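The values are calculated or read from the model by the stated rules, or taken from the named source; none is laboratory data. All values derive from a computational prediction rather than experimental measurement. Positions of Cβ are backbone-derived with ideal geometry, glycine not excepted, and every protein chain shown enters the neighbour counts. Surface accessibility is based on the protein's heavy atoms, side chains included, excluding ligands, DNA and RNA. Shrake-Rupley method; radii C 1.70, N 1.55, O 1.52, S 1.80 Å.
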Amino acid sequence: MTADRPVEHLLTAAARLSGCLDPAALATALETAGAQGGRWLDTVLDAGCLADETGFYRALADSLGMSFTEQSPVSPGQKLHSWMPARFALRHRLLPGQARENQIEVLTCDPFDLEARQAISQVMDQDVTWGLATRSSIIEALRQGYGLGAERFEDLIDGRNGHNETDALRQEVTVLEDNEEATIMSFVNQIFSEAIRERATDIHIEPLENDVRIRYRVDGALHEVAVPQDVRLLQNSLVSRLKIMAHLDIAERRLPQDGRINLELNGQRVDVRIATIPSVNGESVSLRLLGRERLDLGGLGMGPALEARIRELLALPNGIILVTGPTGCGKSSTLYTFLRELNTKDRRIVTIEDPVENKLDGVVQIAVKPEIDLTFAAGLRSILRGDPNVIMVGEMRDLETTEIAIRGALTGHLVFSTLHTNDAVGGISRLLDMGIEPFLIASSVRAFLAQRLVRRLCPHCRKPAEEHQHHDGYLRTLGFPVTEKHHILTAVGCRECRGTGYRGRMALVEVCTITNAMQDLIASRASVAALRAKAAEEGMIPMRESAWQKVIAGDTTLEEVIAVTSATHETTYP
């Protein structure tokens, strides 16, 4: 680069110091920025030719003689509205840094934005010093400090000046003005876009006494999302927009409603299940994002041996395979994975569900509708007359449904369903408690699969745990098979996992196969302890034992396993 192009020279030098992955791509990006008059730094960062964003900004700060802040000074939950209007801060990506007497540091990710420097000098009463921070840290801090869609909301709220807050809430109407409707639509789109970016499975919009709270469920845990100031004023409009998208009654606010929304965001299809619940502070909305899971056995993270055993069960010509566990443990996703494995041109697969969560091409899926007497039992009777090879029943809730499913298994069908039990062997007791005869269980059920979900350790920040935290004697009392030297990893938290220490989830599965010996014990109404002992003898691996392999492999943590599994009925290892 020549000396008459100082910006290019500085960026090139900083990129080389921090590790430039592709010098040719860097040169092309700089040439493009110079020709088009765009933002130099954005062009370089978006080109993907840098090895380390933090190192690049640190080198750039040294070259310019500016201070560099690696961690954002904005704390979670801190509101920035009183410091600077959202529209200006978001446009120029500016953050407040250290404040001293009559002086404030302003952090920027683009030191070449002269327009921002001129505007700041005009509006700030204090003396201003400038510092550098990475683009990603500033964008994240602005998102937390101002909330989703803050600049659009700020314009709209300014237009409502003169309205009393209480009056605005009382007089909120569902017929929106043009500018307000556009703002609400944009805000809803940002809620969904952000949820997909964060890999959320659920979105909860909950009215509080003086605010509205939005939370995403990511990897099974809820995380609060920053929202714009005064979003409470538009609460009813927000709920109405979601109802319109789901074809619900926007005038009905006293009764719960549920429906579906079909979205396409950035070319990605998302099926959304919506449920509204009236509360004392207004309507609460829950949104379940469906159809985005990896529906393959490898994605469940079972391991080669367990996956081979599952494939053997899926190859059976008939019988019942039951997946057990509490709500939210991934039973439905596992069943959908099984159906996808079996979904070939020579098989007819029919399901009856409440509701249909994932739509599978080539599978006949029926949604339960009790209001017209389409129950699990009624639908299952019709399915059996429709020449299916494979049947999936969403849940065995009652004796009638279970008896019909057993009859289907005994007449040559492969049947999948779910039960709410704590472990695999507990499924036998559950069926007996429902009133199913032991000989029918023994002759129709092929296996019980107990399942739990644990979060995966983030591969970017996990580190070895302190040995004194997990000594062998303590681990053995918890039912973990400690037999040799082991290394356990623990969660830390970084930018990649948003400080949680975890990224993604995996399944823990306990398989109880109904062998001939197990059939004899079931038929004789043997005790649960006897059934569990025989299952272990026949090859069932207790969930904590299989989970231990995930722990020592560095896939998850002991804390995650202990939180979702129980050692009450499992072997304590010497």
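Things to note:
- Residue list for the range 361-395, filter: under 27 Å from the mean Cα position of the chain (by Cα) and touching a residue at least 40 places away in the same chain (Cβ under 8 Å): MET392, VAL393, GLY394, GLU395
- Filter result (open to solvent by 50 Å² or more (accessible area, probe 1.4 Å) and farther than 17 Å from TYR146 by Cβ) within the range 198-230: ARG199, LEU208, GLU209, ASN210, ARG215, ARG217, LEU222, HIS223
- Test for ALA523: is it open to solvent by 20 Å² or more (accessible area, probe 1.4 Å), more than 30 Å from LYS463 (Cβ to Cβ) and touching a Pro at 6+ places or on another chain (Cβ under 7 Å): yes
- Just one residue in the set ALA27, ALA35, ALA14 is modelled with pLDDT of 80 or more, small (Gly, Ala, Ser), out of contact with any strand residue (DSSP E or B) (no Cβ under 8 Å at 6 or more places or on another chain) and in a helix (DSSP H, G or I); that residue is ALA27.
- Qualifying residue in the range 416-425 (condition: within 25 Å of the chain's Cα centre (by Cα) and among the hydrophobic types (A, V, I, L, M, F, W, C)): yes
- Given (1) touching a Leu at 6+ places or on another chain (Cβ under 7 Å); (2) hydroxyl-bearing (Ser, Thr, Tyr); (3) open to solvent by 10 Å² or more (accessible area, probe 1.4 Å), number of the condition THR375 does not satisfy: (1)
- Verdict on VAL350 being among the hydrophobic types (A, V, I, L, M, F, W, C), at pLDDT 90 or above and open to solvent by 20 Å² or more (accessible area, probe 1.4 Å): no
- In summary, helices (runs of 4 or more DSSP H) completely within the range 383-490 and bearing 3 or more residues that are open to solvent by 80 Å² or more (accessible area, probe 1.4 Å) occur at 399-410.
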